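Where a number appears in this text, it was derived from the coordinates with a stated rule and is not lab data. From a predicted model like this one, the values you see are computed outputs, not experimental measurements. All Cβ positions, glycine included, derive from the backbone under ideal geometry; neighbour counts span all protein chains shown.
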Amino acid sequence: MNIQPPPARAVPAAAVAAPLFAQWEIEANILNLQGEHRLLHQLLREFHSFSRDQCAKLREEGYSSLSDLINWKFQEIRSLLKDLSNRPSNRGGQRFGDRKIKELQALRWFITDRSRRGLTFDFDLYKAEATQYISFAEIDSEIDKDEAADKPEKFKYASWNKWEESVCIYLDSVISKNGAPLSYVIRKDLDVEIEWESLDRKTQQIYTAP
Amino acid sequence: MFNIDSKRVLTLLKELCLDTEAETWFRNIKCGREAMKALQIHYDGPDESKRRKEEARAKLKTIYYKHKGTFTFEKFVTNLYDAFQILEKYEEPLYEQEKLRLLFNKCQNAHPEFKQEVVICWTLCKTFASAVVHLKTVVARLFPDVAKPKTRRNISSNMSNKELNGVDISDISRWFDSSEIKKLNESQAGR
């Protein structure tokens, strides 16, 4: 994924306290966060108003950059953050409210979706529609539970076209290990003249997978 | 990850092609993507596509709607559409006008009102889909479904009356004496 974070500014120690910098920037500079690490810190601190301790806890758990959020499972986020919330602070606990959990799930959904579709991380788009992504994340987690389509019938020479189509439909309904529909394995070559943006989400996923 | 997914697909293909002629074409292939490609090359290659196009064209030549009980209007349009789809898949699609011309020319039902409706439809409908919808309504109005006549019953279906010409036939494996055989023969004489 091509993520272009805002350039890190080299800050002299004397300037740290200057009002020129936002709080998240000061913290990012102190922690020397660069690239995707810096961008995640900015999103969580500035846009979603996570506390400094909450960000530190996520980094401690191994989620310090945007790439770390890709493929993090919807339910695992809730279970980890709930677990951390229930733990006393002297045993590494950190409270995360329901809203914060949902925001993190939405951010994970957005980043994973963009990555699976071969699109760049669009910071402005995310900010503009962040609330919607909470619902999208929830809906997608339900879709993942859906059963696959019926298995195709046995091969018949006379009905090759229908058989091939039924195999594609079946594989479309099965989710692969990388999150794309399993039909990516049997995809045909894409027309070179086609515009990527005009393709639907599923097709983009199928043609982004290896 | 690709290797795991590829194996899943290969297993599925093996299962679907087991004991069929298709399994020969990917027997030694260990990758799901390659296996499907092998099938596509063999069953959907240039020769096969040519054959299918010829089949579709032949179907378009021979298909007609004449309101026979065995070939309904629904079957007729489905067959037409199927042939159009095949030609489209193999990059020889028909123009909408050509599809309409085929549809109307092949509607050869002699019913006067139906003929009239075909002419009206020709002027009104600009697409194949809209023409089909129009004609389907006409067919439903002019030729409502009538229950098929019951087929002739055989002697084996006579389970309630287990007697034929005064002979008990409830157990056909029992011994029939000569007089019973004679009566049974008499009962079959008119057939």
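For the Cα atoms of chain B, what angle does the longest principal axis make with the long axis of helix B:96-105, in degrees from 0 to 90, nearest 10?
So the helix axis and the longest Cα principal axis differ by about 20 degrees.
How far is helix B:73-89 tilted, in degrees, relative to the longest principal axis of the Cα atoms in chain B, given as a value from 0 to 90 rounded to the nearest 10?
Roughly 30 degrees between the two axes.
When you take every Cα atom in the stretch B:64-142, what is the radius of gyration, and what is Dmax, the widest Cα pair distance, in Å?
Expressed in Å, the Cα Rg and Dmax of the stretch B:64-142 come to 12.4, 38.
For the protein assembly as shown, report the translational diffusion coefficient in µm²/s to the nearest whole number, using Stokes-Einstein at 4 °C, 1.567 mPa s, and a Kirkwood Rh over Cα pairs. Don't jump to the answer; show the numbers that get you there.
Working: Rh = 28.5 Å.
It diffuses with D of about 46 µm²/s by this estimate.
List every residue whose amide H lies under 5 Å from the amide H of B:LEU164, counting only residues 5 or more places away in sequence or on a different chain, with H placed 1.01 Å from N in the peptide plane.
B:ILE169
Using only the alpha-carbon atoms, how far is helix B:2-17 inclined from the longest principal axis of chain B? Give it as 0 to 90 degrees, nearest 10.
30
In whole Hz and in residue order, list the ³J(HN,Hα) couplings for the stretch B:162-173 that follow from phi through the Karplus curve 6.51 cos²θ - 1.76 cosθ + 1.60, θ = phi - 60°; x for Gly and Pro.
In residue order, the calculated couplings are 4, 9, 10, 6, x, 10, 6, 10, 5, 10, 6, 8 Hz.
Return the loop-located GluC sites (Glu not before Pro) in the stretch B:67-119 (DSSP other than H, G, I, E, B) with at most 10 other Cβ atoms within 10 Å of their own Cβ; answer none if there are none.
Counting only loop positions with at most 10 other Cβ atoms within 10 Å, the GluC sites (Glu not before Pro) in the stretch B:67-119 are B:GLU91.
With 10 angstrom as the radius, rank A:HIS37, B:HIS67 by how many other C-beta atoms surround their C-beta, starting from the fewest.
Starting with the residue having the fewest Cβ neighbours, the order is B:HIS67, A:HIS37.
What list do you get for B:HIS111, B:HIS42 if you sort them by fewest beta carbons within 10 Å? Don't skip to the answer; put the middle values down first.
On the way: B:HIS111 14, B:HIS42 17.
Ranking B:HIS111, B:HIS42 by Cβ neighbours within 10 Å, fewest first, gives B:HIS111, B:HIS42.
Regarding chain A, what's the average projected area of the Cα-atom convex hull, expressed in nm²?
Numbers: hull surface 61.6 nm².
Directional mean of the projected Cα hull area for chain A stands at 15.4 nm².
Taking other Cβ within 10 Å of each residue's Cβ, how do A:TRP72, A:TRP163 sort, fewest first?
A:TRP72, A:TRP163
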